[in-house]
Amino acid sequence: MLIAFLFALAALAPLIAPHGPNIQQLTKRLAGPDAHYFMGTDDLGRDTFSRMLYGVRISLTVGFVAVGISVVIGTLLGLISGYFGGWVDTVVMRFVDVMLCFPTFFLILLVIAFLEPSIYNVMIVIGLTSWPGLTRLVRAEVMSMKEREFI
């Protein structure tokens with residue numbers, strides 16, 4: 001329900017937001033909540049409520065794209081590893097072990113240092129660094145399914 005509510009807010013942000021998210025009114029800097037600014041303003045006089053509504057769009061996009069990339073890579077590698085077994089499983093799982101030995105935060109910083117910082121690069125990097133756990137999970141499920149009686 002919460003995710004559906006956030007999707008509705010993101011879709012209706014242009015209709016719900018009382019002000020534009022980037023409109024500055026320097027005379028209203030750091031204003032408290034009132035009838036015009038439900039959550040007050042920031043240090044540049046921008047409406048905090050409007051900025052939060054538009055920020056939901058960015059947050060949901062980053063989350064779903066990063067998880068989508070992770071699910072595709074993790075599921076494919078887990079299925080291949082669990083189904084074929086043998087040397088294929090060994091190679092895939094050693095690659096997963098190598099990926100798991102590097103802290104995710106440092107991998108993200110390393111990639112962002114070499115690429116220009118943008119929201120697209122962040123989504124890709126998060127997706128490319130969060131798949132190893134899912135690979136292990138899918139592999140284990142495929143291997144357990146292969147041992148069942150009906151297979």
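The values are calculated or read from the model by the stated rules, or taken from the named source; none is laboratory data. Being a predicted model, the structure only gives us computed values, none of them experimental. Cβ sites come from the backbone with ideal geometry, for glycine too, and all protein chains shown count toward neighbours.
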Please identify the pairs in which a residue from region 41-64 that is without any contact (Cβ under 8 Å) to a residue 12 or more places away in the chain and more than 19 Å from Asn121 (Cα to Cα) has its Cβ atom under 6 Å from the Cβ atom of a residue that is surrounded by fewer than 17 Cβ atoms within 10 Å (Cβ to Cβ) and among the small types (Gly, Ala, Ser), counting only partners at least 6 apart or on another chain. Thr48/Gly40
Please go through region 72-90 and pick out each residue that is assigned to a helix (DSSP H, G or I) and either more than 21 Å from Met145 (Cβ to Cβ) or not β-branched (Val, Ile, Thr) (or both). Gly74, Leu76, Leu77, Gly78, Leu79, Ser81, Gly82, Tyr83, Phe84, Gly86, Trp87, Asp89
Note on region 125-151: residues buried (at least 16 other Cβ atoms within 10 Å of the Cβ) and either touching a Lys or Arg at 6+ places or on another chain (Cβ under 7 Å) or free of Cβ contacts under 8 Å to residues at least 60 places away in the same chain (or both) are Val125, Leu128, Thr129, Pro132, Arg136
Evaluate region 64-71: report whether one residue or more is in a helix (DSSP H, G or I), modelled with pLDDT of 95 or more and loosely packed, with under 13 Cβ neighbours inside 10 Å. yes
Leu30 vs. criteria within 30 Å of Leu15 (Cα to Cα) and of a type outside the set (Lys, Arg): yes
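Per-residue answers, yes or no, for (1) hydroxyl-bearing (Ser, Thr, Tyr); (2) in contact (Cβ under 8 Å) with a residue 60 or more places away in the chain:
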residue: Gly74; (1), (2): no, yes
residue: Tyr83; (1), (2): yes, yes
residue: Val88; (1), (2): no, no
residue: Val91; (1), (2): no, no
residue: Arg94; (1), (2): no, no
residue: Val98; (1), (2): no, no
residue: Pro117; (1), (2): no, no
residue: Asn121; (1), (2): no, no
Matching residues in region 1-58 - criterion: being part of a helix (DSSP H, G or I), farther than 22 Å from Ile119 by Cβ and in contact with a strand residue (DSSP E or B) (Cβ under 7 Å, 6 or more places away or on another chain): Lys28
Criterion: in contact with a Pro (Cβ under 9 Å, 6 or more places away or on another chain) and assigned to a helix (DSSP H, G or I) - qualifying residue of Leu137, Leu110, Leu100: Leu100
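Which ones in region 116-134 are touching a helix residue (DSSP H, G or I) at 6+ places or on another chain (Cβ under 8 Å), in a helix (DSSP H, G or I) and of a type in the set (Ser, Thr, Tyr)?
The one that is touching a helix residue (DSSP H, G or I) at 6+ places or on another chain (Cβ under 8 Å), in a helix (DSSP H, G or I) and of a type in the set (Ser, Thr, Tyr): Thr129.
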